[in-house]
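Accompanying notes for the structure given below.
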Amino acid sequence: MIKNWAVRLGIIFFIPFVIFGCASLPRPEEMKAAIATYQLPKLPEDGKAIVYVVFQESWYKGIRFDVFIDNQEPKSEIGYNMGGQYIYFNLTPGEHKILSKAENWAEINVSAKAGDIIFIRQEPYTGLLNARNKLLNLQDYEGKYYVKTLIPGTIINHNQQNVPIVPTQARLEQNAQADTFIGTITGGNFAKGVGFSNINVRLEVTSDNGGKEYFYVRSDSILADAGGKKIDYLYAIQSKGKKVEIEHFIITDATGGDPSRSDFAFEIGKKGVRLMRFLDWKSTN
C-alpha cells in the first residue's frame, strides 16, 4: 500500500516539471492547415450525433480518465483515454451529460442533434493523490487536429449505454472455457517496465484443489466487485485472501496494457487478466 502511494505521488510531483518543459501547441492557423484534407475516422450514424473525447497531454501516459454518459453508473461507461489518446461514440439526439472520472468527477452538458460532431477535451491538473480533470468544449478545427495527432483510446461499450461492462455470473457460468480460472489470491507483487509511469500487478492465485497460477493485472484489465462495480486495477495488490474469477489471455505484446509503451517484454507468453471479478467481496467506495 505504501509503495502504491509512493508511486502515485512520484508521478504527480513529476508531472508539473514535464508540463513546463513541453512545446506549446500550434497556432489556430497552423492547426487549420494541418487538417485541410483530413477525414475523421468515424462520422455520425444515421439519426445520431458523434462525440470525440480527447486527452491531449501525451506525457500523462500512466494516467487513465474514464468516460461516462449521463451518470456515474458502471453500465454507462463508454471507455477511457490515457495521455495522448482519444475515443469516440455515437449519441442519440437530445440533452446529455458527458462525465470523466479521474481523482475527481468532471462533467459537461451537450445538446446533440442528428449529424452533429462534438469535440470534448479532458484537461488534466494536479490532484491530491492522482491527476484530476475538467472537460472543455473544443472548436471543430481543434478537435480534428487532436484526433489526427493522437492515438485511439479504449472503447469498453461501443454500442451506447445500458449494456453492462462486465459479464454477469450467469454468463460466466454458461460460457466457462479454458481461459477462465477460479481461485483465491494467495500472493502478489508489483511488476513494472522502465521507470514508474506504468505499473502492473503479478498475482498468485490458488484454486480449491491447490493448483497455482500466475496472472498479470495490467492497466487495461477490468476489475469488478461481486456487484459489478468497477475497481481500479491497482487494487489487485491489496486483495490477498479474496476469491476471484479470472478471464485471462496469453500476452503477446510488450505494452503492459498501455499501447504507447514497449518495455514489458518480460510479460510476453504469460497470462494476462482480461476480467477479474471478486466473488465474495463488494467495494464500499
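Every number in this text was worked out from the coordinates using simple rules, so none of it is lab data. Just so we're clear, the structure is a prediction, and the values are computed from it rather than from any experiment. Here the Cβ positions follow ideal geometry from the backbone for every residue, glycine too, while neighbour counts run over all protein chains shown.
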request  = Calculate the dipole size of segment 169-278 relative to its Cα centre from +1 charges on Lys and Arg beta carbons and -1 charges on Asp and Glu beta carbons; express the result in debye to the nearest 20.
outcome  = 220 debye
request  = For a footprinting-style exposure proxy, rank D208, D253, D179, D258 by other Cβ within 10 Å, fewest first.
outcome  = D208, D179, D253, D258
Ordering of 272-282, 182-192 by burial proxy (mean other Cβ atoms within 10 Å per residue, highest first) = 272-282, 182-192
ask   = What are the ³J(HN,Hα) values, in whole Hz, obtained from phi via the Karplus relation 6.51 cos²θ - 1.76 cosθ + 1.60 with θ = phi - 60°, for each residue of segment 50-60 in sequence order, with x given for Gly and Pro?
value = 10, 10, 10, 10, 10, 10, 5, 6, 5, 6, 9
ask   = Short version: ³J(HN,Hα) in whole Hz for each residue of segment 240-253, in order, from phi by Karplus 6.51 cos²θ - 1.76 cosθ + 1.60 (θ = phi - 60°), x for Gly and Pro, what are they?
value = 4, x, 8, 8, 9, 10, 10, 8, 10, 8, 8, 6, 10, 10
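So, counting K/R as plus one and D/E as minus one, what does the shell of residues with Cβ under 11 Å around K97 add up to?
Within the 11 Å Cβ shell, the charges total -3.
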query = Karplus couplings for segment 68-82 from phi (6.51 cos²θ - 1.76 cosθ + 1.60, θ = phi - 60°), rounded to Hz, Gly and Pro as x?
reply = 10, 10, 6, 7, 9, 5, x, 5, 9, 6, 9, x, 8, 10, 10
